[in-house]
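Report on one structure; see the data block that follows.
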Amino acid sequence: MAHKLPMNLFIKKPIDQIIATCDEGEHKLKKTLGPVSLIALGIGAIIGAGLFSLTGIAAAENAGSAVVISFMIAALGCAFAGMCYSELASMIPVAGSAYTYTYATMGEFIAWIIGWDLVLEYAVASAVVAVSWSRYVLSFLGDFGIYIPARFAACPYDVIKMPDGTEVHGIINIPAIIIIFLISTLLMIGIKESARVNSIIVVVKLIVVVTFIAIGLHYIKPANYVPFIPPNTGVFGEFGWSGIMRAAGVVFFAYIGFDTVSTAAQESRNPQKDIPIGILGSLVICTVLYLAFSLVLTGMVNYKDMMGDAAPVATAINLTPYPWLQAMVKLGIIGGFTSVILVLLLGQSRVFYSMSRDGLLPKIFSEIHPKWKTPWRSNIIFMFFISIFAGFFPISKLGHMTSIGTLLAFIIVCAGVLVLRFTQPNAPRPFKTPCVPLFPILGIMVCLAMMMSLGVETWVRLVIWLMIGFVIYFAYSRFHSKLHLQGKRSN
């Protein structure tokens, strides 16, 4: 055989080496992000359609008005993971997020698993969101009498009902492909420009959410809060406290996205201080908005009336004398989707950038544009890869794959804090997770419980994806790992 399998699959990359090599020569990323931009990145990823849809679903099927308590519980679980992310990001302020942290704490093979897992999270999620973005844009344009042929806004597997009652298949989802191309181009031009656009979108989105809350307060019917915790029906998860816990599992996924802040650590001006602010700041702001939004929504519309309602927010808006508010909310949802796509594609390219720097992926993924200072080739590759899925496949069924991938990353990050506290207790920690080992253990338990609540099909898809990753690692990555090659030279 030409190669021998490295004896140590769990070789670790020293933290000081990670930091020392992160800004070398042609691989250097431009440091332009401050705390406000990082908080905006977090909010941009967290607040999406989940705020406008999951709230009504969880209230109608599981918790009633007590869905606000469910949001509190879900926020607590995210807070545990967020604090662990903040500690590791302050210790290892480089691009790569959970992948880089795992390389330093649990070794190369586990790092490869989580890096490959993050590919699934970011790539599939951005494609799914692009398809949803397309649908809302069509609806929004339709309100102004602008129509796009339905067959050119749906994939070949989607069945479309025509005005004359006939059913036809879609051809290609052109709007979904367009938004992937536009956002990818923006990311190639520069992180500063991307962050500026994201900040503008986030402001629009926040104005929409705050406007709904402010106007909705005047149309709350106190009777809708009675009983605040509906009695359990006798089935676990249908109201009562078990329903509140089940709803917490549903709305937990509305918080996913804050971890992408850590992928921009290498482009932060002061990552040790600003990354924890970005992660925890975006979580706090989104939690306050989620609690207020859910309280107003369930006060305006009785939770029983939201059963089977795909757009409970629209139902609530119809109770007000402001029809313009419905168009405004649609605009907010479109903006929410746009910023989510931007942050997901940003995180995707930065994770592959770090893996390529370590030799686990081809060099093309870490090549930096001489002027823009971004991994532009990586952006181009994923622009075409993701647009194929967004334009031609019914990928909505893969939505849960994003959740299971994220939760696996959260678990490994929480475990990484425990490992580093034991193996390197005296290492500098600009931000320290409080109550260790309790908080990391609670983070692991909450995230594992969420993973166990997902269906068997989701687990099967995850296993298949990881098996593909194993083939790539053992066929290519292990022979090109810079850490292993350094070890061979030193011997």
- Pull out a ≥ b ≥ c, the square roots of the eigenvalues of the alpha-carbon gyration tensor of the range 231-306, then state rounded if a/c is under 1.5, prolate if not and a/b is larger than b/c, and oblate in the remaining case. prolate
- Selection from S378, A125, A60 lying farthest towards where the dipole of the chain points positive, charges on Cβ: S378
- V226-I380 pseudo-label distance in nm [points 7 Å out on the Cα-to-Cβ vector]: 6.6 nm
- Item | Dipole magnitude (debye, nearest 20) for the range 30-485, charges at Cβ of Lys, Arg, Asp, Glu | 1160 debye
- Query: What are the extents of the Cα atoms of the chain along their three principal axes, listed from largest to smallest and rounded to whole Å?
  - Reply: 75, 51, 41
- Got a sec? Charge dipole of the range 216-373, +1 on Cβ for Lys and Arg, -1 for Asp and Glu; which of M245, Y225, V261 is way out at the positive end? V261
- Query: Along the positive direction of the dipole of the chain (beta-carbon charges: Lys, Arg +1; Asp, Glu -1; about the Cα centre), which of F236, L420, S339 reaches farthest?
  - Reply: L420
- Within the chain, which is the longest segment containing none of the trypsin sites (Lys or Arg not before Pro) that sit in a DSSP loop and have at most 12 other Cβ atoms within 10 Å? 29-370
- Item | Length gained when the stretch T166-D305 is fully extended (0.36 nm per residue, less Cα-Cα span) | 46.9 nm
- Message: Loop-only chymotrypsin sites (Phe, Trp or Tyr not before Pro) in the range 220-262, please: DSSP not H, G, I, E or B, and at most 16 other Cβ atoms within 10 Å.
- Response: F228, F236
- Note on the structure: Contour minus Cα-Cα span, E457 to R196, at 0.36 nm per residue, comes to 90.1 nm
- Set the Förster distance to 60 Å, then compute FRET efficiency between F181 and L291 from the Cβ-Cβ distance, nearest 0.05. 0.95
- Query: Hey, quick one: spin label on V284, modelled 7 Å out along Cα-Cβ, who in the range 411-439 has an amide N within reach, i.e. under 19 Å?
  - Reply: 430-435
- Message: Per 0.36 nm of contour for each residue apart, how much would the distance between T320 and Y157 grow if the chain were fully extended, relative to their Cα-Cα spacing?
- Response: 54.9 nm
- Going through the DSSP H helices of the chain, which span 20 Å or more along their own axis at the Cα atoms while scoring at least 1.0 as a mean Kyte-Doolittle hydropathy? 67-91, 108-142, 174-189, 191-216, 271-300, 324-357, 376-392, 399-423, 438-452, 456-472
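No lab work stands behind these numbers, since they all come straight from the coordinates. The structure displayed is predicted, hence computed values, not measured ones. Please note: Cβ atoms are built from the backbone with ideal geometry, for glycine as well, and neighbour counts cover all protein chains shown.
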